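Every number in this text was worked out from the coordinates using simple rules, so none of it is lab data. Everything quoted here is computed from the prediction, not taken from an experiment. Here the Cβ is made from the backbone with ideal geometry for all residues, glycine too, and neighbour counts use every protein chain on show.
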Amino acid sequence: MSYICGSLRPVDTGDTYFTELLKENISGNRGAKEKLNREQIKKLEVYKGKALNARIEYARYLVDCPNCNSAEFAFEDNLFFCSLCKNSNIQGKVRKVKMPKDRKQIEDILSVRPIQNRHWTNETLQDLAKENELNLEVI
Ligand SMILES: [Zn+2]
């Protein structure tokens, strides 16, 4: 049984998700280890353009690739490198990522929801809390 995002914390990042996968004795371990090793990514030149915004989908912090429309987990180092296109449109430089300003509050509000309802893109805290009350019947 593979780890399900959101089961141990309100929202998982790439760091926490792949760490959980590594604890499991499964064939995906090698991939998880590679994903957790950010040393190569940290060595890359940082692109000067606007930072990409992280979003939450099914209790996962994700970042959409502006080049190929793939998505990657967001990591605590706030760097984005697309494993699919290798950021080919910016000569393989790494992009900066912006986590939500109200991260802790967003996670707190989402934490009472079932995992399949833990999403956030740019809603205000008030909107998120209202959604909890109106649609999810949690108080
Ligand atoms: Zn890409």
Selection from Asn132, Asn78, Thr16 lying farthest towards where the dipole of the chain points positive, charges on Cβ: Asn78
Cysteines in the chain lacking a second Cys C-beta under 4.7 Å: Cys5
Size of charge dipole - the chain - debye, nearest 20, with Cβ of Lys, Arg +1 and Asp, Glu -1, no other charges: 720
Calculated from backbone phi, Karplus (6.51, -1.76, 1.60) coupling profile of segment 87-101 in Hz, x at Gly/Pro: 6, 5, 6, 10, 6, x, 6, 9, 9, 7, 10, 10, 7, x, 4
Packing rank of 2-12, 88-98, 30-40, where each peptide gets the mean count of other beta carbons within 10 Å, highest leading: 2-12, 88-98, 30-40
Bins of 10 Å, starting at 0 and running to the largest distance - Cα pair percent for segment 14-135: 12, 39, 32, 15, 1
Length gained when the stretch Ser70-Ile26 is fully extended (0.36 nm per residue, less Cα-Cα span): 13.3 nm
Relative contact order (%) - the chain, alpha-carbon pairs under 8 angstrom, separation at least six: 25
Max mean-square fluctuation residue, GNM over the chain, Cα-Cα springs under 10 Å, options Asn117, Asn25, Asn69: Asn25
Estimated [θ] at 222 nm from DSSP helical runs (n ≥ 4, -39500 (n - 2.57)) normalised by residues in the chain, nearest 500: -8500 deg cm²/dmol
Span from the segment 40-68 Cα centroid across to the segment 83-139 one, whole angstrom: 14
